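The values are calculated or read from the model by the stated rules, or taken from the named source; none is laboratory data. Note that the structure is a prediction, hence the values are computed from the model and not measured. Heads up, the Cβs are rebuilt from the backbone with ideal geometry, glycines too, and the neighbour counts pull from every protein chain shown.
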Amino acid sequence: MLFNVVKLIHLLSVIFAVGTFIVQFFVLVNNFRSEETPMRRASENIAVDVGKYLGLPGLLLALLSGLALLFLNPSYFYSGFSLHAKILLVVFVFGSSHVAHKRLKNIKAAAKIQDEVAVNANKKQAKNLFVITGSFFILIVYLIVIKPF
């Protein structure tokens, strides 16, 4: 019973975190070069706040519930190499999400001093980091569903 509850929490928190990344990406890309400065600033603030209050806690809950799943059922460790590759990709997801969050905070700071060059450069880097994080998520889902090795 406890294992199923932790598995449900893990699944919901992963869906929550992935959804947050998708929202951040589309909010940031939709108004990337908008002529309306208030709309751009609002989208940048939304992307930062969504990541800070929803995305990072969702990732942390997913990590903690995933570790709890491993401790509740240690036979997962012997199921093959795909679990180890998944854990490595999860570490990469955490790293890229923190770097993307730092870029979003840099966008907010550069917008405050009205440095449009820094804003656009950081937006481009944040967009690329979101694409990289999304590809990590796709690889993780592939490793979970297909279990190639």
Only one of (1) under 13 Å from the mean Cα position of the chain (by Cα); (2) β-branched (V, I, T); (3) within 17 Å of R33 (Cα to Cα) is not met by V90, so which one is it? (3)
From the residues in segment 23-65 that are touching a residue at least 40 places away in the same chain (Cβ under 8 Å) and β-branched (V, I, T), which one is nearest to S97 (Cα to Cα)? V48
Conditions (1) at pLDDT below 90; (2) in contact with a Ser or Thr (Cβ under 9 Å, 6 or more places away or on another chain); (3) crowded, with 16+ Cβ neighbours inside 10 Å -> S34 fails only (3)
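So that you can scan it fast, the table gives a plain yes or no per residue for (1) assigned to a helix (DSSP H, G or I); (2) modelled with pLDDT under 90; (3) touching a Leu at 6+ places or on another chain (Cβ under 9 Å):
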| position | (1), (2), (3) |
| --- | --- |
| S65 | yes, no, yes |
| L83 | yes, yes, yes |
| L88 | yes, no, no |
| K108 | yes, yes, no |
| A111 | yes, yes, no |
